[in-house]
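S.K.: Mind looking over this structure? Questions follow.
The values are calculated or read from the model by the stated rules, or taken from the named source; none is laboratory data. Keep in mind that what you see is a predicted model, and the values were worked out from it rather than measured. Virtual Cβ from ideal backbone geometry, glycine too; neighbours counted across all protein chains shown. Calculation scope for accessible area: heavy atoms of the full protein, side chains included, ligands and nucleic acids excluded. Shrake-Rupley method; radii C 1.70, N 1.55, O 1.52, S 1.80 Å.
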Amino acid sequence: MCIVIKEEASLDILKGIGEKTKLVFQKAGIETVGDLLNYYPRAYDTFEEPVEIENLADGRIQAVCGFIEKTLSIRHAGRFQIASGKIRCGSDTVAVVWFNMPYLRNTVKPALRYVFRGRVKKKGQQLTLEQPAIFDVFQYEEKVRQLQPVYPLVSGLTAHMLEKALRQAIDGMDLTRDYLPSDLRKEQELAEYNFAVQQIHFPKDIQAMHLARRRLVFDEFFLFILALQRLKSARETVFHSYEIEKTPDTDSILRQLPYKLTGAQQRVWHQIEGELQQKKVMARLIQGDVGSGKTILAFLALVQAAANQAQGALMVPTEVLARQHFEAFQDLMERCHLPYQAVLLTGSLPAKEKRKICEQIESGQASVIIGTHALIQEKVTYHQLVLVITDEQHRFGVKQREALAYKGELPHTVVMSATPIPRTLAVILYGDLDVSVIDELPASRLPIKNCVVGTSYRKKAYAFIQKEIQQGHQAYIICPMVEESEVIEAENVIDYTDRLRAHYPESIRVEYLHGKMKANEKNEIMERFLKNEIQVLISTTVIEVGVNVPNATVMMIENAERFGLAQLHQLRGRVGRGAAQSYCMMVRGNDNQAVAERLEILNKSNDGFEIARKDLKLRGPGDLFGIRQSGLLDFQIADVFADADVMQSASEAAARILKEDPELQSEKHLYLQKKLTSYMKNGLENLNI
Ligand code: ADP
Ligand code: MG
């Protein structure tokens, strides 16, 4: 009998998924069969013919055909159980290890031929095959040249579990009616939805995969753009009633600043100032590369709101950044002798203090409110919120931005972002916003000097840092991990700090910072770093967004190969924020050629836009086998840069449909309308843009 599985069905309708497995899937955000079907591969792999042992190369994923010489031996290391042995293949052998899979000792029979496929790692002189998957020889032959989906995994979730669940879901899937009207599908040459879902997971061949992917990418952009248009048209029909007049405070602040605004800052400020005075609600994106000076514009706008007896709020993604902005703002008020009271609202404040601050917000006593997501919590009520600003917008969802706006009565909104996307794309992606670009860095800045080095360079790097410190400067060192791990080999903050403390004289203070620390510990460390009581700060990427310590001149990034280019550019943006020459040293943890080429892009350019462009060129548009831009504009399947042409088509198609049928009320748009409603409820939420 054939049971039809509905997309809304809970995952445990599938065989083999019980309570425990369900929780694992939940961790990856998969609750229903529909979620599962929409859990797209992040890339595809092809399996190559097995190679000879002498052709194994460090860092690559390769297969060898051979047998295990002796029964595997098992040893314990901390929480881990390591199974190790030797694979013999002709006259050569290679070491092999598996973590936490002790049962292999019984299942992998010595002297039986298998194909082992995994990552080759070089330790000292010896090559090891790490955590290889095991195939019987015939099975592997079948797999060669088939496209293998690669899924984003969370701990506990394996590719095998996903494949099993997906096969069932797809086999039992209720063929749904396509929500795109057929004339649109024809015109855009789009595959049918059911076909797309099936072929994205289990592609028949590469053409089928491309067709499937193009359809799903189109859908994702299309729905997103329609949703934005909805938000925008809701806003356009209403006019703002609160008048925000110009204030003389602006000039007095500008006179007090230790610098003059750049031409680009002035231009964007005039736009904001002008729009604040208008009756129409402002909704503006300020795009500017790291260090272009976005913060001061936010401050000027906040003061303008405060000077008009109203409130302005600034929301940022981390506590460290919130505190930094709060302190900088207070400092500015003091220097300019301005009376506006600012408050800092973050999640980690003691309950009593939080209550006090909320009272000040509600009574209107506080006119400038700076904080994290805490600003949009239910219990916070504002007195007269007329301006909301989000900084580092790419860390928030569209929904969160809207949630802050809903705290006021149609307040003006400004969002700030350093995401380097070309204007043509920004206009589509932020379709509900007008876009301003700060395309100029302060003239006083010297370009950051970069280098990409191997780990053997560390001694020299430390000596260099020491010299900078002797001149009164400070340094950041970034490690990918918080603490040691058996599974991932990368530098960690804790051990690194110990090592560096032992290396430097005591007069150089070395401290660390990472996301698992308590909020007040983090704050204390940042405060001391800001005051130069700490000279070297060893940190994970918590430091990445927005932190501003202009006295820091060195950024050293360990295991640079582990970060995406956009992320590395953001990290590097923590230095070069003052007048002194700054440096960025990227340390490579392996000598993989592809990594070297990617890092070279950063080495040669300090311009976020150019980096994004070159990165795309290196990967090639539509390259599904390469590395995705991580952490930026993370659509589920679409890649803003690589799929720019599809985005353009989707945008044009959306405009046409809305012109023809603005409310999507006609018969042929019935299903699209339903899909859009559900997308606006669920899909938008998970999208950081
Ligand atoms: P971002 O755009 O990355 O948020 P910030 O607003 O934090 O950059 O500014 C970075 C640094 O540059 C800050 O120390 C700020 O005081 C300084 N700055 C801002 N504008 C100028 C300017 N026109 N000239 C010189 N320094 C400036
Ligand atoms: Mg900033």
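S.K.: List the aspartates and glutamates whose alpha-carbon lies under 15 Å from that of residue 279, not counting same-chain residues fewer than 8 positions away?
M.R.: Within the straight-line cut-off, residue 279 pairs with 236, 243, 245, 409.
S.K.: Can you pull the one-decimal nm distance between simple spin-label points at residue 232 and residue 506, each 7 Å off the Cα toward Cβ?
M.R.: 6.3 nm
S.K.: Now for a different question. State in Å² the accessible area per residue of the chain; use a 1.4 Å probe, count heavy atoms of protein chains only, and round to the nearest integer. Before the final figure, lay out each step's value.
M.R.: Details: 32010 Å² over 689 residues.
Normalised by residue count, the accessible surface of the chain is 46 Å².
S.K.: Still on this structure: Can you tell me the length gained on complete extension of the stretch residue 337 to residue 451, counting 0.36 nm per residue apart and subtracting the Cα distance?
M.R.: Going from the current span to full extension adds 36.6 nm.
S.K.: Between residue 471 and residue 194, 0.36 nm times their residue separation minus their Cα-Cα distance comes to what?
M.R.: Length difference between fully extended and current span is 93.3 nm.
S.K.: Another question, if that's okay. With charges set only on the Cβ (+1 for Lys and Arg, -1 for Asp and Glu), what does the dipole of the range 449-564 come to about its Cα centre, in debye to the nearest 20?
M.R.: So the dipole magnitude of the range 449-564 works out to roughly 480 debye.
S.K.: Would you mind computing, in nm to one decimal, how far apart the modelled labels at residue 531 and residue 137 are, each placed 7 Å from Cα along Cα→Cβ?
M.R.: Here the modelled spin labels are 7.1 nm apart.
S.K.: Which residue, 258, 585, 36, has the largest displacement toward the positive end of the dipole of the chain when charges sit on each Cβ (Lys, Arg +1; Asp, Glu -1)?
M.R.: The residue sitting farthest along the positive end of the dipole is 585.
S.K.: Moving to a separate point now. Of the options 207, 351, 282, report the single residue whose Cα projects farthest towards the positive end of the charge dipole of the chain (beta-carbon charges: Lys, Arg +1; Asp, Glu -1).
M.R.: The Cα lying farthest towards the positive end belongs to 351.
S.K.: For the chain, what relative contact order do you get, as a whole percent, if you take Cα pairs closer than 8 Å and at least 6 residues apart?
M.R.: The value is 13 percent.
S.K.: Can you tell me the FRET efficiency between residue 597 and residue 95 if r is taken as the Cβ-Cβ distance and R0 is 25 Å, rounded to the nearest 0.05? Can you show the working numbers first?
M.R.: Working: r = 29 Å, r/R0 = 1.16.
The computed FRET efficiency comes out at 0.30.
S.K.: What GluC sites (Glu not before Pro) in the range 461-501 are in a loop by DSSP, with at most 12 other Cβ atoms within 10 Å of the Cβ?
M.R.: 483
S.K.: Measure up 260/354; 232/518; 15/143; 516/675; 22/186; 6/681 against 28 Å on the Cα-Cα distance and list the ones that go over. Don't jump to the answer; show the numbers that get you there.
M.R.: Values: 260/354 37 Å; 232/518 39 Å; 15/143 25 Å; 516/675 39 Å; 22/186 39 Å; 6/681 19 Å.
Listed pairs above 28 Å: 260/354; 232/518; 516/675; 22/186.
S.K.: A further question follows. Summarise the accessible area of the range 449-605 (1.4 Å probe, protein heavy atoms) by the percent that is carbon and sulfur.
M.R.: 46 percent
S.K.: Percent of accessible area on the range 48-144 owned by carbon and sulfur, 1.4 Å probe?
M.R.: Carbon with sulfur: 49 percent of the solvent-accessible area.
S.K.: Return the calculated 222 nm mean residue ellipticity for the chain, to the nearest 500 deg cm²/dmol, obtained by summing -39500 (n - 2.57) across DSSP H runs with n ≥ 4 and dividing by the residue count.
M.R.: Here the helix-only value at 222 nm equals -11500 deg cm²/dmol.
S.K.: Taking 0.36 nm per residue of separation and subtracting the Cα-Cα distance, what length does fully extending residue 645 through residue 581 add?
M.R.: 19.1 nm
S.K.: Additional query: State, to one decimal in nm, how far the label point of residue 384 lies from the label point of residue 126, with both points 7 Å from Cα in the Cβ direction.
M.R.: The answer from the label model is 7.4 nm.
S.K.: Ignoring any ligand, DNA or RNA, what whole percent of the accessible area of the range 153-312 comes from carbon and sulfur when the probe is 1.4 angstrom?
M.R.: Percent of accessible area from carbon and sulfur atoms in the range 153-312: 52.
S.K.: How much of residue 512 can a 1.4 Å solvent probe reach, expressed as accessible area in Å² and rounded to 10?
M.R.: The accessible area comes out at roughly 70 Å².
S.K.: Treating only the Cβ of Lys, Arg, Asp and Glu as charged (+1, +1, -1, -1), what charge dipole size does the chain show about its Cα centre? Round to the nearest 20 debye.
M.R.: With Lys and Arg at +1 and Asp and Glu at -1, about 1220 debye.
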